[in-house]
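Visitor: Pasting a structure here, questions to come.
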Amino acid sequence: MTGFLHGCVTAMVTPFTRYGINKECLGEMIDRQIESGVKALCFLGTTGEPATMSERERSEILSFALNKVAGRAKVIVGTGSNSTAQAALNSRRAAEMGADGVLVITPYYNKCTQAGLVSHYERVCEAAGVPVIAYHVPSRTGVTMLPETAEKLALLSNFAGIKEASGDMALTLDILRRVRGKCDVYSGEDLLNFPILCAGGAGVFSVLSNVVPREVCALVKAVDERKLYTANKLADRLFPLTKALFSEVNPIPVKEAMNLLGFNAGVPRAPLTPLEKEHRDLLKAEMLKFGLEVKA
């Protein structure tokens, strides 16, 4: 299926206190995103740190997010697992709670075959009932989705697209070529947002848009309107800030960026650690150069 999502989808940070989820801060972040023009928010993706949450916390976040968003934007929920049965169950539960769609990472650690990937998404799609977006990020999972596999998945009735974060433009272009008109492809790599959009991407799942949502929305809009000179200039301006946001593994830097903007986002949960001083100084400098108001 095509057309489920278009534009900027923010991969939301989860703010923590030592006691649990900081709902007040999360609510402030949600409002800022929607007021900035973001049409869809993704919770419990990599940036949201679901791997260190309890099942109760994940359910709590989804319930809070749905109530806070209140139909003002689409809500996408990360429901993946290295167990097909668990991914299917998570997806069905998210749909029952009211999620508009689910983001399902390719099974990790098990290192399944391409046939295993097809079987995995067939079962998840059947269980979910809502649009399913595959999350392809081999650097984290150890599994690469081949273009011919993507082409098979695109034929599933509620398979809505692929969040493409392989970092391999040749692979991405082949996936785009094979699924065009059958399902959508989204950039899942902020440094490659511009070229993926130009090649036919339907939008972006962005970490960067936590920090500068208006500018990421503007980039997508400029490409949509074929204003490529404008889009290229904006992509050039965003590049140094984006690099700084990935100076350490996501979401360490973006969480600190939100703290610098004045949000009480807290620190990542172990085994992730707070941003090192050298990288914090770099991030702060790039935020200031971009024109952002830094609070600390």
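Visitor: How many nm is it between the label spots at residue 96 and residue 288, if each spot is 7 Å from the Cα in line with the beta carbon?
Guide: The modelled label-to-label distance comes out at 5.2 nm.
Visitor: Specify the residue with the greatest mean-square fluctuation among 115, 95, 244, computed from a Gaussian network of the chain linking alpha-carbon atoms under 10 Å apart.
Guide: For the chain, modelled as a Gaussian network with Cα springs under 10 Å, the answer is 115.
Visitor: Over the chain, with a Gaussian network built from C-alpha contacts below 10 Å, which listed residue (195, 138, 271) shows the highest mean-square fluctuation?
Guide: 271
Visitor: For residue 191 and residue 111, calculate 0.36 nm times their separation in residues minus their Cα-Cα distance, and state this gained length in nm to one decimal.
Guide: 26.1 nm
Visitor: In whole Å and largest first, what semi-axes does the C-alpha gyration tensor of the chain yield when each eigenvalue is scaled by 5 and square-rooted? Please report the intermediate quantities before stating the final value.
Guide: Numbers: eigenvalues 152, 105, 62 Å².
Value: 28, 23, 18 Å, ordered largest first.
Visitor: Hey, another quick one. How far apart, in nm, are the 7 Å Cα→Cβ label points at residue 63 and residue 264?
Guide: That separation, rounded to one decimal, is 2.2 nm.
Visitor: Which of the chymotrypsin sites (Phe, Trp or Tyr not before Pro) across the range 1-83 are loop residues per DSSP, with 15 or fewer other Cβ within 10 Å?
Guide: Working: sites: 4, 16, 19, 43, 64; in loops: 4, 19.
Those that pass, being in a loop and sparsely packed, are 19.
Visitor: Now, a different point. Under 10 Å, Cα contacts only: if you run a Gaussian network model on the chain, which one of 51, 128, 88 comes out with the highest mean-square fluctuation?
Guide: It is 51.
Visitor: Still on this model: Mind listing which chymotrypsin sites (Phe, Trp or Tyr not before Pro) in the range 78-170 are in a DSSP loop and have 11 or fewer other Cβ atoms within 10 Å?
Guide: Numbers: sites: 108, 109, 121, 135, 159; in loops: 108, 109.
The qualifying sites are 109.
Visitor: Along the positive direction of the dipole of the range 7-224 (beta-carbon charges: Lys, Arg +1; Asp, Glu -1; about the Cα centre), which of 75, 87, 208 reaches farthest?
Guide: Going by the charge dipole, the pick is 87.
Visitor: Something else now. Once you place label points 7 Å from the Cα toward the Cβ at residue 278 and residue 72, how far apart are they in nm?
Guide: Distance between label points: 4.1 nm.
Visitor: Determine the gain in length on full extension of the stretch residue 31-residue 86; use 0.36 nm per residue of separation and subtract their C-alpha separation, reporting nm with one decimal.
Guide: Extra length available between residue 31 and residue 86 comes to 16.7 nm.
Visitor: Order of 6, 136 from fewest to most other C-beta atoms within 10 Å?
Guide: Numbers: 6 16, 136 24.
Going from least to most buried by this count: 6, 136.
Visitor: Order of 241, 197, 219 from fewest to most other C-beta atoms within 10 Å?
Guide: Fewest-to-most Cβ neighbours within 10 Å comes out as 241, 197, 219.
Visitor: State to the nearest 20 debye the size of the charge dipole of the chain about its Cα centre, where the only charges are +1 on K and R beta carbons and -1 on D and E beta carbons. Mind dumping the intermediate values first?
Guide: Working: 34 positive and 31 negative charges, 44 e Å.
Dipole about the Cα centre, nearest 20: 220 debye.
Visitor: Test of understanding: extend the Cα→C-beta vector of residue 144 to 7 Å, then name every residue of the range 238-257 with backbone N under 15 Å from that spot.
Guide: Those under the cut-off are none; the list is empty.
Visitor: Run the paramagnetic zone check for residue 177: 7 angstrom along Cα to Cβ, then residues of the range 1-21 with backbone nitrogen under 14 Å.
Guide: none
Visitor: Tell me, which longest segment in the chain has none of the GluC sites (Glu not before Pro) that fall in DSSP loops with at most 12 further Cβ atoms within 10 Å? Working shown, then result.
Guide: Values: sites that count: 225, 293.
Looking at the chain, 1-224 is the longest stretch - no exposed GluC sites (Glu not before Pro) with at most 12 other Cβ atoms within 10 Å.
Visitor: Which length gain, in nm to one decimal place, applies between residue 221 and residue 2 when the Cα-Cα distance is subtracted from 0.36 nm times their residue separation?
Guide: Between residue 221 and residue 2, full extension yields an extra 77.0 nm.
Visitor: Still on this structure, please answer the following. Post the alpha-carbon centroid distance, the range 107-154 to the range 239-261, in whole angstrom.
Guide: That distance is 28 Å.
Read-outs throughout are calculated quantities, based only on the coordinates presented, and are distinct from any laboratory measurement. It should be emphasised that the depicted structure is a prediction, and the values quoted were computed from it without experimental measurement. A quick note on method: Cβ atoms are made from the backbone with ideal geometry, for glycine too, and the neighbour counts reach across all protein chains shown.
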